[in-house]
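Report on the following structure.
The values are calculated or read from the model by the stated rules, or taken from the named source; none is laboratory data. These numbers come from a predicted model, not from an experiment. FYI the Cβ positions are ideal-geometry reconstructions off the backbone, even for glycines, and counts take in every protein chain you see. Protein only, heavy atoms only, side chains kept; ligands, DNA and RNA dropped before computing areas. Shrake-Rupley method; radii C 1.70, N 1.55, O 1.52, S 1.80 Å.
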Amino acid sequence: MRREFSLPAEDMEWLEGCAHAYDLAAEASVLRVVLHDFAVPAGYNVSAVDVNVRIDPGYPDAQIDMAYFFPTLSLQSGRAIRATSSDSFAGKEWQRWSRHRTPSNPWRPGIDGLGTHFALVQEWLAQELKKV
């Protein structure tokens, strides 16, 4: 497992308790947290993926945004997943989901971190299945 940078203590505690193998990877000056074997709800082409998020300068005051999946997710229904693109990282092509916080769900410095963001990623996966 890669450990190429450090995070605030709260995030490290969350990572150690989350039951996923993880990487803290720095590549081309971009920091990413990768969770391995992240469960995906039934209705997708796979039951688990690796998922990563970028840690931008200014974190934890600056928000975490979006999520990147490997392998690429698709819906068993055949409906396309909108607002996705390709992103190269760690020798793989990841599927970037362009999903963002809203004014009703803003980033809250001092409260939000990896745990709340990955909970939001799980919500994005569940909500995508409900779209028609």
For this session: Determine the pairs where a residue that is touching a residue at least 24 places away in the same chain (Cβ under 8 Å), located within region 3-18, has a partner that is open to solvent by 40 Å² or more (accessible area, probe 1.4 Å) and part of a loop (DSSP other than H, G, I, E, B) with Cβ atoms under 7 Å apart, the partner being 6 or more residues away or on another chain.
Result: Pro8/Pro60
For this session: Looking only at region 24-42, decide whether some residue is under 20 Å from Pro8 (Cα atoms), open to solvent by 50 Å² or more (accessible area, probe 1.4 Å) and part of a strand (DSSP E or B).
Result: yes
For this session: May I ask you to list pairs of residues, at least six apart or on different chains, whose Cβ atoms are under 9 Å apart, with the first in region 82-99 being touching a residue at least 40 places away in the same chain (Cβ under 8 Å) and the second being open to solvent by 50 Å² or more (accessible area, probe 1.4 Å) and basic (Lys, Arg)?
Result: Ala90/Arg2
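Hey, could you check region 1-23 for residues that are open to solvent by less than 30 Å² (accessible area, probe 1.4 Å) and part of a loop (DSSP other than H, G, I, E, B) and say which is modelled with the highest pLDDT? Can you show your working first?
Residues of region 1-23 open to solvent by less than 30 Å² (accessible area, probe 1.4 Å): 7, 11, 15, 18, 22-23.
Narrowing the set further to residues that are part of a loop (DSSP other than H, G, I, E, B) leaves 7, 18.
Numbers: Leu7: 97, Cys18: 94.
The extreme case among them is Leu7.
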Exercise. What pairs can you find where one residue is in region 109-132 and more than 21 Å from Phe70 (Cα to Cα), the other is open to solvent by less than 30 Å² (accessible area, probe 1.4 Å) and of a type outside the set (A, V, I, L, M, F, W, C), and their Cβ atoms are less than 8 Å apart, with a gap of 6+ or different chains?
Worked result: Gly113/Asp11
For this session: Report yes if some residue within region 58-65 is touching a Pro at 6+ places or on another chain (Cβ under 9 Å) and under 19 Å from Ala19 (Cβ atoms); otherwise report no.
Result: no
Seminar exercise, completed: Filtering region 43-55 for residues that are in contact (Cβ under 8 Å) with a residue 24 or more places away in the chain and either assigned to a loop (DSSP other than H, G, I, E, B) or touching a Lys or Arg at 6+ places or on another chain (Cβ under 8 Å) (or both) leaves a count of 7
